[in-house]
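Student: Pasting in a structure now, in structure tokens, and then I'll have a few things to ask.
The values are calculated or read from the model by the stated rules, or taken from the named source; none is laboratory data. Not measured: the values here are computed from a predicted model. Neighbour counts run over all protein chains shown; Cβ positions are idealised from the backbone, glycine included. Each accessible area value is taken on the protein alone, full model and side chains, heavy atoms only, with ligands, DNA and RNA left out. Shrake-Rupley method; radii C 1.70, N 1.55, O 1.52, S 1.80 Å.
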Amino acid sequence: EFCKGVNGLDKVILRESRGSSAEVYLYGAHVTSWKNDHGEELLFLSSKAVFKPPKAIRGGIPICFPQFGGLGTLDQHGFARNRLWSIDDDPPPFPTNTLSKAFVDLILKTSEEDSKNWPHNFEYRLRIALGPGGDLMLTSRIRNTNSEGKPFSFTFAYHTYFSVSDISEVRVEGLETLDYLDNLQNKERFTEQGDALTFESEVDKIYLSTPTKIAIIDHEKKRTFVVRKDGLPDAVVWNPWDKKAKAMADFGDDEYKHMLCVEAAAIEKPITLKPGEEWKGRLELSAVPSSYCSGQ
Ligand code: TA6
């Protein structure tokens, strides 16, 4: 369903037959809402989010491409989240492994402007779909359409902001004992301790070679988010906490208590595509009652 969102920006609403829904703005191909079949909002969106290009929307699932973070020559997190995407009316067959009738296909291609800073031709096709159980599935297909002989490399993240009732009551399972780069200690490499992650201060860590499944347990809501990913070996965990929260104009001072970013990513080893080659990166989010034991 197409409609106008905040500030008249084009928005698509996906509705699944059992009541779950999602919303995505063509600006940034940015998912800003994902609700379960009880109408509960599962993603965090800042009350101060600015829906005005070229500023990225604060919350939901920003797409970080072709550069994660400030690691290269482009703006922080690349330009995909700051561009107007189009509806892809000629998508290649997507091998989605679940039948989904609630989906939208978006596409972003090289622009004159972006070629100045990132001199490559690409086609980025993104399918956003709701599965029968209300799972949210994002499938990215990025193809190098350069003329012969010009490979390109990129880093990538689905920068997902999960809504949590109280960050001090949240645990993350699946990243214990792994190595990570700590963005707060100039990206030095450390090894995570042996049990679930808990949060009592700012965290900004890039976990390396992570499992395909990560669980985010919201104790108060008795809800577990399950992140399943494919083609995305790394995972970023970020909470700005109070000081950084105050420093962001598009983020409420106390909002850090109600969000956690767990981002399926490919950062440590950039992805390189030769002309004609295509990369696929899949993210599948589900929200299940916390009686769910993460070992499943
Ligand atoms: O994902 C973590 C991170 O790289 C943090 O360092 C912080 O900068 C966050 O992304 C938000 O970045 P943004 O450009 O959206 O404000």
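Student: How many percent of all Cα-Cα pairs in the chain sit more than 26 Å apart?
Tutor: Summing the P(r) of the chain above 26 Å gives 41 percent of all pairs.
Student: Excluding PRO211 itself, calculate the net charge of residues whose Cβ lies under 14 Å from the Cβ of PRO211, where each Lys or Arg counts +1 and each Asp or Glu counts -1.
Tutor: -4
Student: I would also like to ask the following. Beyond 20 Å between alpha-carbons counts as too far, so tell me which of LYS52/LYS243; LYS4/LYS52; LYS11/LYS35; LYS187/LYS246; LYS213/LYS243 fall in that bin.
Tutor: Check vs 20 Å cut-off fails for LYS52/LYS243; LYS187/LYS246; LYS213/LYS243.
Student: Okay, next question. Give, as a single signed number, the net charge of other residues whose beta carbon lies under 12 Å from the beta carbon of ASP37, with Lys and Arg counted +1 and Asp and Glu -1.
Tutor: 0
Student: Follow-up. Taking H placed 1.01 Å from N in the peptide plane, check which residues at least 5 places from HIS30 or on another chain put their amide H under 5 Å from its amide H.
Tutor: Placed amide hydrogens put TYR25 under 5 Å from HIS30.
Student: Let me ask something else. Averaged per residue, what accessible surface does the chain expose to a 1.4 Å probe, in Å²?
Tutor: So the chain comes to 44 Å² accessible per residue, rounded to a whole number.
Student: Using only alpha carbon pairs under 8 Å that are at least six residues apart, calculate the relative contact order of the chain and give it in whole percent.
Tutor: 18 percent
Student: Using Cα centres only, tell me the gap between the range 148-175 and the range 18-54 in whole Å.
Tutor: Distance between centres, Cα-based: 17 Å.
Student: While we're on this one: Work out the P(r) tail for the range 145-270: percent of alpha carbon pairs separated by more than 26 Å, whole number.
Tutor: 24 percent
Student: Further question on the same structure: Using only Cα atoms, locate the centre of the range 75-143 and the centre of the range 227-296, then give the distance between them in Å, rounded to an integer.
Tutor: 17 Å
Student: Here's a follow-up. Quick one: which residues, 5 or more positions from LEU43 or on another chain, have an amide H under 5 Å from its amide H? H modelled 1.01 Å from N in the peptide plane, none for Pro or chain starts.
Tutor: For LEU43, whose amide H was placed from the backbone, the distant partners under 5 Å are TRP34, SER163.
Student: If you roll a 1.4 Å probe over the chain with all protein chains in place, what percent of the accessible area is carbon or sulfur?
Tutor: Carbon and sulfur together cover 50 percent of it.
Student: Using DSSP to call loops (not H, G, I, E or B), can you name the trypsin sites (Lys or Arg not before Pro) in the range 214-284 whose Cβ has at most 13 other Cβ atoms within 10 angstrom?
Tutor: Listed in order of number, the matching sites are LYS222.
Student: First select every other residue whose beta carbon is under 10 angstrom from the beta carbon of VAL236; then total the charges, Lys and Arg +1, Asp and Glu -1.
Tutor: Local charge sum for VAL236: -2.
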